[in-house]
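Reviewing the structure listed below.
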Amino acid sequence: MKTRWSGALAVLIALGTGASPAWASVHSAATHAKAHVGVRAADMAAASMSAEIQILHDALTASELSSVQAAAQAAANLPASTWVSWLYPSASSPSAAQTQTAQALGALLTLVTYGAVADDGQNIAQNLQTLQSTSPLLSPAAVSMFYQNFFVLVGQSSKSVLSGQATTSTAGHALAQAAALTPQLAAYLRQSGLSPDDLARAYVSFASAVDSQGAAQTALLTRICTNILGFGAPTSTATITVNAAANLGQVPTTAFGLNAAVWDSGLNSQTVISEVQALHPALIRWPGGSISDVYNWETNTRNDGGYVNPDDTFDHFMQFVNAVGSTPIITVNYGTGTPQLAADWVKYADVTHHDNVMYWEIGNEIYGNGYYNGNGWEADDHAVAGQPQKGNPGLSPQAYAQNALQFIKAMRAEDPSIKIGAVLTMPYNWPWGATVNGNDDWNTVVLKALGPYIDFVDVHWYPETPGQETDAGLLADTDQIPAMVAELKREVNTYAGSNAKNIQIFVTETNSVSYNPGEQSTNLPEALFLADDLTGFIQAGAANVDWWDLFNGAEDNYTSPSLYGQNLFGDYGLLSSGQTTQNGWQEPPANTPLPPYNGFQLVSDFAQPGDTMLGSTTSQSAIDVHAVRKPNGDISLMLVNRSPSAIYSANLNVLGFGPFVVTHALAYGEGSSRVAPMPVLPVPGAPIKLMPYSGIDLTLHPLIPAPHAAAQVTDTLTLSSPTVTAGGAETLSASFQADRPVHHATVELELYDSTNDLVATHTVSDVDLQPGSATSETWSFTAPAANGNYRVEAFVFDPVTGATYDADTQGAVLTVNQPPQATYGDIVTKDTVITVNGTTYDVPAPDAGGHYPSGTNISVAPGDTVTVQTTFVNVSSTDALQNGLIDMEVDGSNGAILQKYWPSTTLLPGQSETVTATWQVPANVAAGTYPLNFQAFNTSSWTGNCYFTNGGVVNFVIS
């Protein structure tokens, strides 16, 4: 544990250069407040270096770590004579002392560059002891000081490091200066007839020998700058706007939850209980996804003979829930159970045992019973015998609605107070919108039949396609949430009848992929996705969202060099199961939090039930911002930087709040082992530095009580047209009148969609208002791409005190209509680029209709890495692709070897979207010709084809 910093490094931090999330996890204020009396200096130095080495190790990508490990292995194989030749080049017959010195300095340079990072600092104490045995001047304290000075001096070259211009001389110079600033090491060099420059020269030779391509050095220096020091010139600026007067409703008592299952072990462990308590889950769902439709709660068995932990009875689950302080939500067995079995469960839980189980849902993903495609994954015994699975009337949404009603009646007969949910499909995700005979769309049928009887609808969301995951795609997926929730609300309001206003939305399962979790599921991008995912659904109007899941198990699935992180196993769990996959990838010990756990911690720290959600937006699409006001008046922010490379200098623009200080700041990001306090709180008025792939929570505390507005301002808002086509021009005229003079006010005009997503703003500063006369402002903007009703709000603030003169949250309603639907030929592709193992191939340009000339062949072999990039363009002047699907496929007579698609895509006239897919040619692919095809569909359910390149863009040829 680190108990001191080097003076130089402390100065850097104090000057506000910005500590990284990883540095925060090691150097939190709490850590430095502790005094460790009696701890040996050697132990302290080893612990300090070990913590920093772990940050570097954990920040490296899999390919970077491989380069560092290769360099370390090459260094370990260097003979002493090589080090002698580098340090004493003129010594034809080196002495024993020179040889010993060369060995010691070789070990030192290897340690502080590649060696220790390669093995995650596992042998640091032993290495330090070995160096000290060579000379007392190479004590652990001296080596630790040298190491930290090296960091500082690398940081002085951060501009060249982060621009990719650093050389071996850059690192060598930093090592030489670090040695000169470390008195004991400088003395050792003098004693040995050497200078710091000799050390630098030796390093240049060393790096050239063990890292000829420079990949290991580049990775090391870059991660020192970004993950140890947390600085480097920001690559972009951002403005984060929060409107403290835009009250968007309270965080529900049921907001953030998770799934547990009958296969879990350790639920009675105090370690697990404490880890889950730290997340403050509002709900815990049970007995576990599709298992629910084969589970008999009375016998704690599965109808399909699958595994159930004998200790995971319902009673034991309730003990766990109560110990955690959460609320259960139970999925009853619709698939193979009966209404009576479900009613008996309600009676046992709520009447006999007084467990007060309030929330119950009828089955899991029943739409996955095979009705729509003949190949289901969800057990459902209601099929009519002798008929095909696809279109089987016993598996239809009508059958589910009729049978579910019997469940509802039987369950409510035992406890009328319970809340019951029915299964729906998530809009724009299969099988949403699918039909077999034209009148069997799942959501429409179920809502019409069960609307009067249910309290919530239950949907699931897994946005990524297994085997085709991308980090950029995953982190952008949360942008789909407002459109999905808006459509779901529309369907409930349209089809559920008079009870629609009482029906809540529960998202009871969400994760990246719905099956075969790969390496993405256990690395940093998944944690950042979780944070945006959970908060995004609640902000959009869902009453509950539950992460899948607490425990699951290690799996061998999709891995790719393009995915961030070192964990090559897949696991849905927030906590490790401690397993080893068949390919030999080993999880951390059982119950160890995996990266997504830290994303959940950011959420639970950011918002709690009862907080008021606020309007917020950002000028950079790579940054997601969420804001709430606490009951005590503080504002809590969660900021997520979804960029893997951009460092943002973000200015906070908090309207209606007045002067504030940051009293609480947590960070998690590259190299972080956990969520931890930032070592230095952001300075009021100074920009917030957002490091790549990071999330931070901030608490803003007002310096003065909320002032009473000395004037009252009223407004009149007039739209040039209350109805506009998506992408069309719109103008808002705003007129303000005050009952007394107001000077230098800030006028804020905002546009919200039906999910309270702030989609556009217009700010005017330094506005004067005089009583008796109106002050007008005009805002011209482009109508949003998504159709629906939008709410225009108007505000007037005192920019100094935060006083709110006007808060008109129902100023005007703008209706955005959908343009004509795109047809065949409206969507084309252009600017296609293909690379194979880094080699770029020319792709002939398409004709005016988007069709590519035939006959372009590219040879590939199993194991090759292929990247395809293309731009989809809407060439129509009137038609639009709204919430459609664009698709990239590599097909052949022997089957597809790639399919990557992007649902919920909108392309208004003239708009374009560039997409990229990176994939590896499967090892077992058969020889043949595989054409590359691009497609676009009018909906996200693979219907309404409006563009298709039948002949293939190019042909991938495998011989």
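The values are calculated or read from the model by the stated rules, or taken from the named source; none is laboratory data. Small disclaimer: the values here were computed from a predicted structure and weren't measured. We place every Cβ from the backbone using ideal geometry, glycine too, and count neighbours over all the protein chains shown.
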Subject >> the stretch 298-324 - residue that is assigned to a loop (DSSP other than H, G, I, E, B) and touching a strand residue (DSSP E or B) at 6+ places or on another chain (Cβ under 8 Å) and, of those, surrounded by the fewest Cβ atoms within 10 Å (Cβ to Cβ) >> reply: ASN303
Subject >> helices (runs of 4 or more DSSP H) contained in the stretch 96-207 and holding at least 2 residues in the same structural domain as ALA219 (by TED's automatic domain parsing) and in contact with a Cys (Cβ under 6 Å, 6 or more places away or on another chain) >> reply: 158-162
Original post:
Residues of the stretch 861-881 being surrounded by fewer than 21 Cβ atoms within 10 Å (Cβ to Cβ) and either within 22 Å of PRO844 (Cβ to Cβ) or not assigned by TED's automatic domain parsing to the domain that holds THR835 (or both), which ones?
Top reply: ASP864, THR867, GLN869, THR871, VAL873, VAL875
**OP:** Could you look through the stretch 328-354, keep only residues that are β-branched (Val, Ile, Thr) and within 34 Å of the chain's Cα centre (by Cα), and pick out the one that is surrounded by the fewest Cβ atoms within 10 Å (Cβ to Cβ)?
**Re:** ILE330
Original post:
What is the one condition in (1) touching a Pro at 6+ places or on another chain (Cβ under 7 Å); (2) of a type outside the set (Lys, Arg); (3) part of a loop (DSSP other than H, G, I, E, B); (4) surrounded by fewer than 22 Cβ atoms within 10 Å (Cβ to Cβ) that VAL357 does not satisfy?
Top reply: (4)
**OP:** Return the only residue of ARG791, ARG740 being surrounded by fewer than 18 Cβ atoms within 10 Å (Cβ to Cβ) and within 28 Å of GLY536 (Cα to Cα).
**Re:** ARG791
Original post:
Looking at the stretch 268-283, is at least one residue surrounded by fewer than 21 Cβ atoms within 10 Å (Cβ to Cβ), under 25 Å from the mean Cα position of the chain (by Cα) and closer than 30 Å to GLN810 by Cβ?
Top reply: no
Original post:
Quick check: anything in the stretch 885-900 touching a strand residue (DSSP E or B) at 6+ places or on another chain (Cβ under 8 Å), loosely packed, with under 13 Cβ neighbours inside 10 Å and on the phi > 0 side of the Ramachandran plot?
Top reply: no
**OP:** Scan the stretch 68-93 and report the pairs whose first residue is in the same structural domain as SER212 (by TED's automatic domain parsing) and aromatic (Phe, Trp, Tyr) and whose second residue is surrounded by 20 or more Cβ atoms within 10 Å (Cβ to Cβ) and assigned to a helix (DSSP H, G or I), with Cβ atoms within less than 6 Å and a gap of 6+ or a chain change.
**Re:** TRP83/ALA102; TRP83/GLY106; TRP86/ALA202
**OP:** Can you tell me which residue among ALA845, ALA880 is among the aliphatic types (A, V, I, L, M), out of contact with any strand residue (DSSP E or B) (no Cβ under 6 Å at 6 or more places or on another chain) and free of Cβ contacts under 8 Å to residues at least 24 places away in the same chain?
**Re:** ALA845
Subject >> Subset of the stretch 201-228 (residues that are surrounded by fewer than 21 Cβ atoms within 10 Å (Cβ to Cβ) and not β-branched (Val, Ile, Thr)) >> reply: ARG201, SER205, SER208, ALA209, SER212, GLN213, GLY214, ALA215
Subject >> Residue match in the stretch 810-827 (condition: part of a strand (DSSP E or B) and of a type in the set (D, E, K, R)) >> reply: no
Original post:
Just one of the numbered conditions (1) within 25 Å of LEU614 (Cα to Cα); (2) surrounded by 24 or more Cβ atoms within 10 Å (Cβ to Cβ); (3) within 20 Å of the chain's Cα centre (by Cα) is not true of GLY518; which one?
Top reply: (1)
Original post:
With THR465, THR470 as the choices, which residue is surrounded by fewer than 20 Cβ atoms within 10 Å (Cβ to Cβ), β-branched (Val, Ile, Thr) and under 35 Å from the mean Cα position of the chain (by Cα)?
Top reply: THR465
Original post:
Do any residues in the stretch 117-135 that are over 30 Å from THR61 (Cβ atoms) have Cβ atoms under 9 Å from those of residues that are modelled with pLDDT under 90 and buried (at least 20 other Cβ atoms within 10 Å of the Cβ), where the two are at least six apart or on different chains, and which pairs are they?
Top reply: GLN129/ALA46
Subject >> Filtered residue count, the stretch 630-645, keeping only those that are surrounded by fewer than 20 Cβ atoms within 10 Å (Cβ to Cβ) and either outside any loop (DSSP other than H, G, I, E, B) or among the charged types (D, E, K, R) (or both) >> reply: 2
Original post:
Looking at the stretch 256-276, which of its residues are of a type outside the set (Ser, Thr, Tyr) and either farther than 28 Å from ASN296 by Cα or free of Cβ contacts under 8 Å to residues at least 40 places away in the same chain (or both)?
Top reply: GLN270, GLU275
Original post:
Looking at (1) surrounded by fewer than 19 Cβ atoms within 10 Å (Cβ to Cβ); (2) over 28 Å from TYR558 (Cβ atoms), which is the one condition that is false for GLY451?
Top reply: (1)
Subject >> the stretch 190-200, subset free of Cβ contacts under 8 Å to residues at least 60 places away in the same chain and under 19 Å from THR113 (Cβ atoms), residue surrounded by the fewest Cβ atoms within 10 Å (Cβ to Cβ) >> reply: ASP197
Original post:
Is the stretch 431-454 home to any residue that is within 28 Å of GLY570 (Cβ to Cβ) and within 30 Å of the chain's Cα centre (by Cα)?
Top reply: yes
Subject >> Residue that is nearest to the chain's Cα centre (by Cα) [pool: residues in the stretch 883-922 that are outside any loop (DSSP other than H, G, I, E, B) and of a type in the set (Asp, Glu)] >> reply: GLU913
Original post:
Within the stretch 646-694, which residues are outside any loop (DSSP other than H, G, I, E, B) and closer than 29 Å to HIS708 by Cβ?
Top reply: ASN651, LEU652, ASN653, VAL654, LEU655, PHE660, VAL661, VAL662, THR663, HIS664
**OP:** Identify the residue in the stretch 764-801 that is part of a strand (DSSP E or B) and without any contact (Cβ under 8 Å) to a residue 40 or more places away in the chain and, among all such residues, is farthest from PRO707 (Cα to Cα).
**Re:** ASN789
**OP:** Go through the stretch 377-411 and give me each residue that's part of a helix (DSSP H, G or I) and either of a type in the set (Ser, Thr, Tyr) or in contact (Cβ under 8 Å) with a residue 60 or more places away in the chain (or both).
**Re:** TYR400, ASN403, ALA404, GLN406, PHE407, LYS409, ALA410, MET411
Original post:
Filter the stretch 584-616 for residues that are closer than 14 Å to THR522 by Cβ and more than 22 Å from the chain's Cα centre (by Cα); which is surrounded by the most Cβ atoms within 10 Å (Cβ to Cβ)?
Top reply: TRP585
